[in-house]
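Right, one structure below, let's go through it.
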Amino acid sequence: MAENTQTYTTRIFLNTEEAKKRLSELQEQVEEFRKKKDKAARDGDWPTFNSAKKQLDMVIKEMNAMKTSAQAIDHVLGNLSS
C-alpha cells in the first residue's frame, strides 16, 4: 500500500513589524472600501456598492483571521509550562 505524505508550511508572525504592517494595510483597506461603499450608496451605484461590500467583507475576514490566529498562538505559548 502506498503512503501519501503531504507537507505544509505555515508562517507565524508574532509581534513583528511585518505583521503590524500587514494589519495596518488591512485597516487602511477597510477604511477605503467603507468610503467607496458609502459613496456608491449615496450615488445609487449598486454594482459598485455590492463590489465594495464584497471586498470590505473579505478584508475584514482576513483581519479577523489574523487576530484570531495571534490570540490562539498567544494562548498556546502562555500554556507551554503546563
Contact order normalised by length for the chain, with contacts defined as Cα pairs under 8 Å and 6 or more residues apart; what percent is it? 26
Against the empirical 2.2 N^0.38 Å scaling, what ratio does the C-alpha Rg of the chain come to? 1.60
I'd like the orientation of helix 17-43 relative to the chain: the angle between its Cα long axis and the longest Cα principal axis, in ° from 0 to 90, rounded to 10. 30
Taking Cα atoms, how many degrees apart are the long axis of helix 46-78 and the longest axis of the chain, rounded to 10 and kept between 0 and 90? 20
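Evaluate the charge dipole of the chain about its Cα centre and quote only its size in Debye, nearest 20, assuming +1 on the Cβ of each Lys and Arg and -1 on the Cβ of each Asp and Glu.
300
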With a 1.4 Å probe and every protein chain left in place, work out the accessible area per residue of region 29-82 in Å², rounded to a whole number. 77
From the helices alone, meaning DSSP H stretches of at least four residues, give me the mean residue ellipticity at 222 nm for the chain, per-run term -39500 (n - 2.57), in deg cm²/dmol to the nearest 500. -26500 deg cm²/dmol
Carbon + sulfur, % of accessible area of the chain - ligands and nucleic acids excluded, 1.4 Å: 52
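The values are calculated or read from the model by the stated rules, or taken from the named source; none is laboratory data. Remember, predicted model here, so these are calculated numbers, not experimental data. Ideal geometry is used to build each Cβ from the backbone, glycine not excepted, and the neighbour counts take in all protein chains shown. Note: areas computed on protein heavy atoms with side chains; ligands, DNA, RNA excluded. Shrake-Rupley method; radii C 1.70, N 1.55, O 1.52, S 1.80 Å.
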